[in-house]
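Every number here is computed from the coordinates shown, using simple stated rules; none is lab data. Fair warning: this is a prediction, and the values are worked out from it, not measured in the lab. Backbone-built Cβ (ideal geometry, glycine too); neighbour counts: all protein chains shown.
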Amino acid sequence: MTSHLNSIVRLSARVVTLCVTVTVVLAQGTKEKPEVWMMPPGQENGRAFRELFEQPEAWKETRSLIHVLGCSDLNTKRHFTDDELKAWFAKMNEWGLKFAMEVGAIKPWGLTGEKTFTAEKPLWDRVERLGGKIYAIAMDEPLLCCRHHIKKPDDYAVQETANYIALVRKHFPQVQIGDIETYPSISVADHIWWIEALQKKLAEMGVRGLDFYRLDVNWANFIVQNHGCWGEVKKLEQYCRSKKLPFSLIYWASGQPLLDRMKLADESTWYISIMHQGYSYAMVQGAPDQLVIESWIQAPSRCVPETAEWTFTRSVRDFCRRFVRTGK
């Protein structure tokens with residue numbers, strides 16, 4: 001009997017050990033849930049952003065599905081008063097939402113990282129003075145700007161972007177820094193070169209590297225110009241993951257400007273387009289670490305309520321329901 005009991009005890013111990021091992025393996029193999037950013041259109045003096053705070057009950061479910069609310073740092077200056085921002089940042093803290101900004105790094109008006117940062121720092125100081133905690137910034141296409149707007153070589157883009165990041169790290173050490181670049185106008189090979197060159201330069205300067213890398217995909221080019229594909233985007237996602245660099249993807253109505261010119265766009269176009277992008281990237285097993293639903297194209301025309309057809313918050317809510325497996 002004693003021998004039999006000992007066998008049962010040993011078997012039970014093995015079962016417990018196996019269960020613990022399986023649990024650990026499953027936990028290690030489970031991808032963390034993605035972070036969802038929402039950046040509404042900025043037309044009409046920031047009306048969409050303002051409506052989020054004037055009508056909080058009109059997007060309550062959407063708010064529960066996102067993590068970050070953002071706009072450009074220039075729009076915080078252009079459109080919103082101190083009193084508005086102070087009240088809104090308090091609300092965001094109450095709702096558990098983080099605040100992020102899209103910013104310059106190299107621009108025609110800021111040809112060096114130092115000049116751009118010097119122009120932007122007062123805007124950021126104002127945000128923090130009014131109670132806003134800047135969670136993250138996303139640099140607006142410094143490589144593309146150098147190549148296509150100010151006609152500077154890639155090495156210049158690397159150095160000045162690194163200089164800019166170094167200044168942000170010095171003055172705002174808590175802020176996450178990411179870069180936005182375009183595809184397919186910049187090839188996947190060039191994206192990889194750019195990431196490696198920028199990270200190497202920052203390491204040489206003793207500055208922490210990028211916290212995320214964001215792709216702005218003009219996916220209408222896949223159809224109109226037969227240029228680019230979602231499979232290549234997935235390759236860049238895999239590269240970023242191999243480097244432990246979170247991969248961020250903007251979801252937007254890439255074809256809407258052309259459809260507007262063709263008189264084919266209407267109130268449904270934004271909604272249908274981002275859902276189409278969601279399905280398309282899912283079909284190549286795409287799984288960004290950040291999903292950014294962002295409009296800079298004067299669409300959709302309404303932000304709230306989330307229960308009405310074709311509003312911006314409706315598109316965010318339904319997108320999250322479909323493509324984000326877990327909420328906050």
FRET efficiency, 1/(1 + (r/R0)^6) with R0 41 Å, evaluated for Ser187 and Glu114 via beta carbons: 0.90
Å³ per residue enclosed by the Cα convex hull of region 265-309: 98 Å³
Average Cα contact separation per residue, region 169-228, under 8 Å, 6 or more apart, as relative contact order %: 48 percent
Extension gain from Gln225 to Lys86, taking 0.36 nm per residue of separation minus the Cα-Cα distance: 45.4 nm
Per-selection metrics, region 31-323 (Cα): Rg and Dmax in Å: 18.4, 52
Stretch gain in nm, segment Asp260-Asn93, where the contour uses 0.36 nm per residue and the Cα spacing is subtracted: 56.3 nm
GluC sites (Glu not before Pro) restricted to region 234-328 and DSSP loop, no more than 12 other C-beta within 10 Å: Glu309
Förster-model FRET efficiency, 35 Å R0, Arg322 and Lys133, C-beta, rounded to 0.05: 0.70
Estimated vicinal HN-Hα couplings, Hz - region 103-114 in sequence order (Karplus 6.51, -1.76, 1.60; Gly, Pro = x): 9, x, 9, 10, 9, x, 8, x, 6, 10, x, 5
Positive-end residue, region 187-273 charge dipole about Cα centroid, Cβ charges, pick of Tyr251, Phe222, Met205: Met205
Charge dipole magnitude, Cβ of K and R +1, D and E -1 - the chain, Cα centre, debye nearest 20: 920 debye
Pairwise centroid distance, computed over Cα atoms, of region 252-328 with region 96-146, Å: 25 Å
Unit charges at the beta carbon, dipole of the chain: most positive-side option, Ile195, Ala48, Asn75: Ile195
Whole-Hz couplings from phi, Karplus 6.51/-1.76/1.60, listed for region 196-206; x for Gly and Pro: 5, 5, 5, 5, 5, 4, 5, 4, 4, 7, x
DSSP beta bridges in the chain [antiparallel fraction, %, rounded to 5]: 5 percent
